[in-house]
Amino acid sequence: MNPSSEKTKLLRIEPSLNKRHNFPYAEWGCLLLVSVLIVARQFTNPHFPSCVIDDSILQMIWVRQFAQVLSEGVWLRRWLPDFNEGYGSPTFIFYSPLVYYVTALLYSVTKSVVLSMKLVRFLGFFLSGLAMFAYAKSLTSRKLALLVSLVYLVIPFHVLDISYWTLYAEPWAWIWFPLILFFLRHLFVCGVRTTSNLMGLSLSYSGLVLTHLVSAYMFTLVMVGYLLFCSNRGRILENSKWLLVGMATALALAAFFLLPVLYERRFIHLEYSTMLPEFDFRNTFLFFPNPDLTGGNVFQAKTIGILQAITVLQVAWTVVSAGVTLHTKTLSQHLRKELFVFNLLSLFCLFLMSRPSVWIWRLIPGLPQIQFSTRWLSIFTLLATVVIGISFDSYHHSLTGLAKWLKMSHFSVAFLAGLGSVLIILGGCFLNEEHTRAAEADVYNAPEYNPRSMPNWKQRIIHAKDPAFAIMEGKADIKIKRWASHERNLRIEADTPIRLKLRLHEYPGWIVTIDDQRTPISTDPSSGGIVVNVAQGQHVVRVSFENTWWRNAALGLSGLTALGMLSFTLKEFLWR
């Protein structure tokens, strides 16, 4: 068949792709209203909404210090200065930064960490609804697309994530999931292989990487599944090339973050993320978890119980919805195929959350690093949402027999799911003043991101006690000229040669110069702090966090990729 005629036929089947509509003000307004209603209770209390205390305090510390670094003019933040008694931590070399940039921007206006974080969670929630609406509108009518996006907002797992605990960056990943599917659909199903769709795929995937790296890794498997099962017949090889180009471009665009993550794993204790029993995927399966772990950990048992109840409810809703869609005659062949693929991928997600899937976890490289099988609920919920939302199309038709009973069951489960979401909102927790003070004191840390030079790296709560600097040997008068996150300057008048210890963990990138001449450094074994030798006399000691050769190479690759994407976009726009 001629490719152009095949494309024309497909566009006739999917009218939403080739018809222009007025701007969806009503739909956007409806999504905004529902988003406001779901998060409104969170703004009635001055403290941060979460039932998970330690993680919430840690996130508040990260947000405040991230904003502090940006306020000093360091736009490519990597080092958080106030962790670990003020010795610092390279947390944001390894943790996806996009959501924290947004939070820091809001913090510059609100001057409140808690309010900024609440606004960011609300904004991500609302934008995820808009993203789902854009994708669903490429599948079906605008009214049905609105129903799909509303389900995406009110489905119990999403309400739990936004109300119950501190999954701060992960909810923003919900924005990128449907956008990636939107561009994949246009490239693979509709055959609209344009530069704009390829660029859209690359930007969305890089956005997911820079938002939540674990979610990006997991969603890559969904993208491969979509390629294999949703591509037009005979186009898998060609579509594979488009997917590889899009993903490679995205990874190159995010290289400034990704390459240091991969290279610098050797300098921290990332193995800690799988050392503890509660971080071992074999102990935390949603179905058939380790009874020894849940029996000895009340919070773990409660969490697994809540997630099991929500999953059963969402599975029931999805199963009934899948049955309803089979009896809905107005759905196009392509949409039926896509829904069938989503059902298959949903089953795969459920399987990965059960103990019999251990062999897959061991087979796929890097999969155990995601720690919790329950993370797959995020992907399952995305896929289930599309199946559930499309099934509302049956409400426009008179069904008989089994289809009628399925429709009634669908309505009943939808009511139970809505009721469950309301109960989750009403049952949410808030931190208190003590927790806020702990966040302001910077006493919590994430051990897996601690430098190897740090002797007590496993300790979760560390109170500041050491001064900014200490003279270990000799005698001198020292004054601080500047003490910022990425730069510390000291003026020294040494009566004798001195051995100076700085309250700063040794880590690749920290450079010490004395009178503008680089000097060797050593490490104090008792604290992990940087130690330098300073000669007698007057000197200016400058300590700065510089880009290493691999960070500069990564930044250059991202810059060249961004420049290339901009050139291609301008070229297409000018030639249009």
Output for Cβ contacts, cut-off 6 Å, separation at least six or different chains, first residue within 15 Å of Val148 (Cβ to Cβ) and modelled with pLDDT under 80 in the range 323-349, second surrounded by 15 or more Cβ atoms within 10 Å (Cβ to Cβ) and of a type in the set (Asp, Glu), reads Thr328/Asp393
Quickly run through the range 80-122 and pick out the residues that are on the phi > 0 side of the Ramachandran plot and part of a helix (DSSP H, G or I).
-> Asn84, Glu85, Gly86
Search result, residues across the range 286-304 that are at pLDDT below 70 and surrounded by fewer than 16 Cβ atoms within 10 Å (Cβ to Cβ) | Gly295, Gly296
Can you name the condition, by its number, that Arg503 falls short on among (1) within 39 Å of the chain's Cα centre (by Cα); (2) loosely packed, with under 14 Cβ neighbours inside 10 Å; (3) part of a strand (DSSP E or B)?
-> (2)
Report whether or not Glu238 is farther than 21 Å from Trp550 by Cα and touching a Ser or Thr at 6+ places or on another chain (Cβ under 9 Å).
-> yes
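This table checks each residue for (1) modelled with pLDDT under 90; (2) touching a helix residue (DSSP H, G or I) at 6+ places or on another chain (Cβ under 9 Å); (3) more than 30 Å from Asp82 (Cβ to Cβ); (4) not assigned by TED's automatic domain parsing to the domain that holds Val159.
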| residue | (1), (2), (3), (4) |
| --- | --- |
| Asn18 | yes, yes, yes, no |
| Pro24 | yes, yes, yes, no |
| Leu31 | no, yes, yes, no |
| Val34 | no, yes, yes, no |
| Ile57 | no, yes, no, no |
| Met60 | no, yes, no, no |
Mind listing whichever residues of the range 512-561 are assigned to a helix (DSSP H, G or I) and loosely packed, with under 15 Cβ neighbours inside 10 Å?
-> Trp549, Trp550, Asn552, Gly556, Gly559, Leu560
Exception for Leu490 within (1) within 23 Å of Thr91 (Cα to Cα); (2) buried (at least 18 other Cβ atoms within 10 Å of the Cβ) falls at (1)
Consider Trp405 carefully, then state whether it is assigned by TED's automatic domain parsing to the domain that holds Pro156, of a type in the set (Phe, Trp, Tyr) and surrounded by 13 or more Cβ atoms within 10 Å (Cβ to Cβ).
-> yes
Out of the range 210-227, which residues are of a type in the set (A, V, I, L, M), in contact with a helix residue (DSSP H, G or I) (Cβ under 7 Å, 6 or more places away or on another chain) and under 18 Å from Leu198 (Cα atoms)?
-> Ala216, Val222, Met223, Leu227
Near pairs, Cβ below 8 angstrom, 6+ apart or cross-chain, from the range 67-86 (touching a residue at least 12 places away in the same chain (Cβ under 8 Å) and under 27 Å from Gly556 (Cβ atoms)) to any residue that is assigned to a loop (DSSP other than H, G, I, E, B) and among the basic types (Lys, Arg) | Val69/Arg77; Leu70/Arg77
If a residue has to be over 28 Å from the mean Cα position of the chain (by Cα), buried (at least 18 other Cβ atoms within 10 Å of the Cβ) and either more than 24 Å from Arg265 (Cα to Cα) or at pLDDT 90 or above (or both) to count, how many in the range 432-477 make the cut?
-> 2
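Those residues that are of a type in the set (A, V, I, L, M), farther than 21 Å from Pro171 by Cβ and outside any loop (DSSP other than H, G, I, E, B), I need them from the range 362-386; list them, please.
Residues satisfying the conditions are Leu363, Leu367.
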Among the residues listed as Val120, Val114, the single one being closer than 30 Å to Ile390 by Cα and assigned by TED's automatic domain parsing to the domain that holds Leu210 = Val120
Residues of the range 256-285 being surrounded by fewer than 21 Cβ atoms within 10 Å (Cβ to Cβ), in contact (Cβ under 8 Å) with a residue 12 or more places away in the chain and not charged (D, E, K, R), in sequence order, are Leu259, Val261, Tyr263, Phe267, His269, Leu270, Tyr272, Ser273, Thr274, Pro277, Phe279
Looking at Thr195, Thr211, which is the one that is buried (at least 23 other Cβ atoms within 10 Å of the Cβ) and either modelled with pLDDT under 95 or in contact with a Phe, Trp or Tyr (Cβ under 8 Å, 6 or more places away or on another chain) (or both)?
-> Thr211
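The values are calculated or read from the model by the stated rules, or taken from the named source; none is laboratory data. Just so you know, these numbers come straight off a predicted model, no measurement behind them. Methodologically, a virtual Cβ is constructed for each residue, glycine included, from the backbone with ideal geometry; neighbour enumeration extends over all protein chains shown.
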